[in-house]
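Participant: What follows is a single structure, and I will ask about it in a moment.
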Protein chains: 2
Amino acid sequence: MKIKGFKTAAVAAGIRYADRLDLGLIVSDEPAVTAGAFTTNQVKAAPVVLDMERLKQGRAQAILVNSGCANACTGEAGMQAALATGNCAASLLNIAEEMVQLSSTGVIGDQLNVTAIEKAMPALVAGLSADNFELVAKAIMTTDTVSKTAYRTVVIGDQEVNFMGMAKGAGMIMPNMATMLAFVLTDARISFPQLYKSLLHGVERTFNRITIDGDTSTNDMVLVMANGAAGNPWIDEDDSNEQKIFQETLGDLLKDLALQIVADGEGATKFITIRVCGARDEQDGKQIARTIANSNLVKTAFFGEDANWGRIMAAMGRSGVRICPDRVDISFGEVLIVKDGLGQGKEAERAATALLKDKDIVVTIDLKDGNQCTEIYTCDFSIDYVKINADYRS
Amino acid sequence: MKIKGFKTAAVAAGIRYADRLDLGLIVSDEPAVTAGAFTTNQVKAAPVVLDMERLKQGRAQAILVNSGCANACTGEAGMQAALATGNCAASLLNIAEEMVQLSSTGVIGDQLNVTAIEKAMPALVAGLSADNFELVAKAIMTTDTVSKTAYRTVVIGDQEVNFMGMAKGAGMIMPNMATMLAFVLTDARISFPQLYKSLLHGVERTFNRITIDGDTSTNDMVLVMANGAAGNPWIDEDDSNEQKIFQETLGDLLKDLALQIVADGEGATKFITIRVCGARDEQDGKQIARTIANSNLVKTAFFGEDANWGRIMAAMGRSGVRICPDRVDISFGEVLIVKDGLGQGKEAERAATALLKDKDIVVTIDLKDGNQCTEIYTCDFSIDYVKINADYRS
């Protein structure tokens, strides 16, 4: 898919490794309405700090993104490095430097290789085209094993409106109000308040519902740029029909990207949906689901294809949410394995164990305490996760 | 060591496996002042519920403990099983059943094999002797690779007072107000309020400061029995000299046991002390230390002997405690690797990496934000942890 008015490019700048795509550029012909959601980690990378400040204007025209270095915990030098690379891009693109959003991912604590980036910039800008979106998605990968993109088209008014999104992330994933890197481009015509509202609505239900290892990164961000090239009727009213279509489509695309991140979790062999029903409110349900999804014991049991529901009960019990243990039902897929807090015997365990051979597993917990249902998406915890993270920097 | 007035025994009752010590008994000749600290997990095993109720009297005469089955999530049948085994012990010992404390550890969700325990009881009671303490410590092991005991002797008044303690636990360890199983026997003469106070004081500073995998068990308990046989001057006043000696000695013994648990953490290859200094208050320091100690990324980096301080900064940043990232110092042993939030370069990293080859590692974080120092003890996260927990029930 191409979207009118957006061009992208990627090159191998040698930021950490030679001959590996590691620098990407996304440019809108005209300033685009742009909204962002950023990490809640107090330790924020230099580009995150800069972007948050710049996005107060609600507009941007370019995103410059590198892998191989997070530019986090790099102090004043790191901020100067971010400014310098942004400035270099802005002058070659002939736009104001405040219109450049910066994004970095990789090892925390290393200083950014500004020289390498500046040297690569002319080729990067020269390579801008409408066809390189998938290449940029590759350039932002770190421990990802596959690149992650998603596309959508809807009709708003009589106009076809297009979306394309990319994301990266496989470890240090428990986004909280934001995620690892994700960039979404659309040609929708939409006001900043409506764009921002739709982004937060979508992020809360997608990226904020995934966890791989319970660790929140210093560099998480989701940026969405809307350049208006579709010429649809302006989306600028709460709860208008157009706003609803836009929000739903954006949310659907964000969920697609978020689930791709989980499926590519470091070392993951299973995709697991933890669905908590019958909660008193959504917050309670989310907290219980998240505690289960982050339990190493639950996750290693899934890796071992062991229907060890006792670990799920134990995780619920320490979640901080008041529960009635003797009212809880747990199902693996369609197999009811715990009813009213009690195991349903060998036959149920055998059926559940058989089901755990699948790659895609849904665990449903019914608290029978209210009407709220919520889902968190996670993966299992394998030997490879440990191997990957014991060796990551070498 | 022997303590006058206490006898112990252990047998292989075949609760889960054949020919493996799995049932232990601790008996005081006379009713002993007894205090307990129990799991804060809302999902509490039947014996925990029963013990908490019985300990309201502040007295107990026996502890019956089994491994191989946690008797948790077992409903009314599990409670009846706990009552039946306690009753069986009480009648053979010729004591009131309320004087028996029960304790179970093993797989959650399985029903307790009452028949096996009742069948083994006569041999267990017949085997009671002053010399079997180490055997009971073996009988309570599950994934533990070594049994854990500690002994202390102090003089209170003119009297020698003795302590002996045992503990078990290697996984599902992040005690919160309590721990995995630990039993302490002393011949001190002490009132219940002073015993209870000393226990809580000790547990808060020892078992509540360790974490192996962030999971809190359904069966955690620490019991301390004081039978008074030492004949020391009664310890029954706050802050008396005797109370202080007692509290300090008990705390020291509890720390010894708690650290033995960490050192035997499932799959652990390193013993890691996370020391947070310069915190505004102890709660803040504890929360930061615990977030670091529970980060899978920090723990896998230690396993990989990688001085990856960026992961420590990222964990601090999501701990929920307000910090000033650009004021933080981090040292590995004596090596200052981060100063004012910035990495100290290749030389410091090389020195830190060399130091990570040790088995015993102290990480010191100085927040420079206050005067409080606190420590949390943990271990690294290895491939073997995943192997052990993917296979635990098979």
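Participant: Only one of B:Gln80, B:Gln42, B:Gln111 is in contact with a Pro (Cβ under 9 Å, 6 or more places away or on another chain), surrounded by fewer than 23 Cβ atoms within 10 Å (Cβ to Cβ) and within 14 Å of chain A (Cβ to nearest Cβ); which?
Facilitator: Answer to the check: B:Gln42.
Participant: Looking at the structure I just gave you, is A:Arg290 more than 22 Å from A:Leu336 (Cβ to Cβ) and in contact (Cβ under 8 Å) with a residue 40 or more places away in the chain?
Facilitator: Taking the combined requirement at face value, the residue satisfies it.
Participant: What strands (runs of 3 or more DSSP E) completely inside the range B:1-104 contain at least 1 residues that are touching a residue at least 40 places away in the same chain (Cβ under 8 Å) and acidic (Asp, Glu)?
Facilitator: Those strands (runs of 3 or more DSSP E) span B:23-38.
Participant: Could you tell me whether B:Ala230 is small (Gly, Ala, Ser) and within 16 Å of the chain's Cα centre (by Cα)?
Facilitator: no
Participant: Also, quick follow-up: Go through (1) in a loop (DSSP other than H, G, I, E, B); (2) over 26 Å from A:Phe381 (Cβ atoms) one by one and return the number of the condition B:Gly285 breaks.
Facilitator: (1)
Participant: Could you please find all residues in the range B:243-269 being buried (at least 22 other Cβ atoms within 10 Å of the Cβ) and among the charged types (D, E, K, R)?
Facilitator: Selection gives B:Asp264, B:Glu266.
Participant: What do you reckon, is A:Arg275 on the phi < 0 side of the Ramachandran plot and more than 14 Å from chain B (Cβ to nearest Cβ)?
Facilitator: Criteria met by A:Arg275.
Participant: Here's something else I'd like to know. Output the residue which, of all residues in the range B:108-125 that are free of Cβ contacts under 8 Å to residues at least 40 places away in the same chain and not polar (S, T, N, Q), is farthest from B:Asn94 (Cα to Cα).
Facilitator: B:Gly109
Participant: Does B:Met141 fit the bill of being surrounded by fewer than 23 Cβ atoms within 10 Å (Cβ to Cβ), aliphatic (A, V, I, L, M), within 12 Å of the chain's Cα centre (by Cα) and outside any strand (DSSP E or B)?
Facilitator: Taking the combined requirement at face value, the residue does not satisfy it.
Participant: Do we find a residue being in the same structural domain as A:Asn162 (by TED's automatic domain parsing), of a type in the set (D, E, K, R) and at pLDDT below 95 anywhere in the range A:253-263?
Facilitator: Looking through the range A:253-263, at least one residue is in the same structural domain as A:Asn162 (by TED's automatic domain parsing), of a type in the set (D, E, K, R) and at pLDDT below 95.
Participant: Select, from A:Asp252, A:Asp213, A:Asp220, the only residue that is more than 14 Å from every other protein chain (Cβ to nearest Cβ) and not polar (S, T, N, Q).
Facilitator: Residue meeting the stated conditions: A:Asp252.
Participant: Take B:Gly75 and tell me if it is at pLDDT below 95, surrounded by fewer than 24 Cβ atoms within 10 Å (Cβ to Cβ) and within 14 Å of another protein chain (Cβ to nearest Cβ).
Facilitator: The answer is yes for B:Gly75.
Participant: Here's a follow-up. Do we have any residue at all in the range B:339-350 that's aliphatic (A, V, I, L, M) and more than 31 Å from the chain's Cα centre (by Cα)?
Facilitator: Looking through the range B:339-350, at least one residue is aliphatic (A, V, I, L, M) and more than 31 Å from the chain's Cα centre (by Cα).
The values are calculated or read from the model by the stated rules, or taken from the named source; none is laboratory data. Given the structure is predicted, the values throughout are model-derived calculations rather than measurements. Note: ideal-geometry Cβ built from the backbone for every residue, glycine included; neighbour counts use all protein chains shown.
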